[in-house]
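Novice: What follows is a structure written as structure tokens; I'll ask about it next.
Derivation of every value follows stated rules applied to the coordinates shown; laboratory data play no part. This structure is a prediction, so every number in the text was calculated from the model and none was measured. Don't worry about glycine lacking a Cβ; one is built from the backbone with ideal geometry, like all the others, and counts go over all protein chains shown.
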Amino acid sequence: MTDSHIRRRLERLVRRADDLDEELERARKEVRSMRIVMEDVTYNLEQRERAARGVPAAKVPVLARAPEDVSAWEIEARAGATRLEVRLQPDGMALVSVNGRAPFLLPPKPRVLLDILSEPGSAADDGLVGWRSRGEVADALRKRLGRPLGRDDVTRTVYRLREVFRAAHENEHLVQTNREHQTLRFALRADAVRIWQM
């Protein structure tokens, strides 16, 4: 198998991985919507049962949902984060805090990607930091990590960055990709406070 065949096969795999990532996100949104509907239906049924027994209606409950189950994450991603703090650790890890929330540890490679995607530069039309092409991101990663990288490495590192955010109960929607234009960014306001400490 020639290098060109291998390259084309890898590109197909990357596109398929992107498709699966989008399908997974759609499934997550559908599950969140279903949970909210089920909670509402359950509450309404309980209210009917109370009314049938002559029991006064219960106060509408405040649902204790995990942050990732709340559309506020998506609203924040559209508006953009206003503060990003990254404090490098001696072992190459970094303590990251978004919008003043509790810090969490980010491994070296995803941390470098976060640095690239959140760098100030030309602002996009929506007031957030500008988008970067996959080629730009791959070049920047290659230079900062000091080793050869390819487009599939960018995709894997994006998945890893989102995975760490999700595990820390942080807003993974801030890590944004545009499949149509093959561009990426971290949804940070162009005028955001950005603190990067060694």
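Novice: For a footprinting-style exposure proxy, rank M198, M93 by other Cβ within 10 Å, fewest first.
Specialist: Listing M198, M93 from fewest to most nearby Cβ atoms yields M198, M93.
Novice: Also, I was wondering about something else. Report the Cα centroid-to-centroid distance between segment 140-160 and segment 83-105 in angstrom, as an integer.
Specialist: 20 Å
Novice: Then there is this: If each residue's Cβ is checked for other Cβ atoms within 10 Å, how do D153, D18 rank with the fewest at the top?
Specialist: Least to most surrounded, the residues fall as D18, D153.
Novice: For every other residue with a beta carbon closer than 12 angstrom to the beta carbon of A190, add +1 if it is Lys or Arg and -1 if Asp or Glu, then tell me the sum.
Specialist: Every neighbour counted, the sum reads -1.
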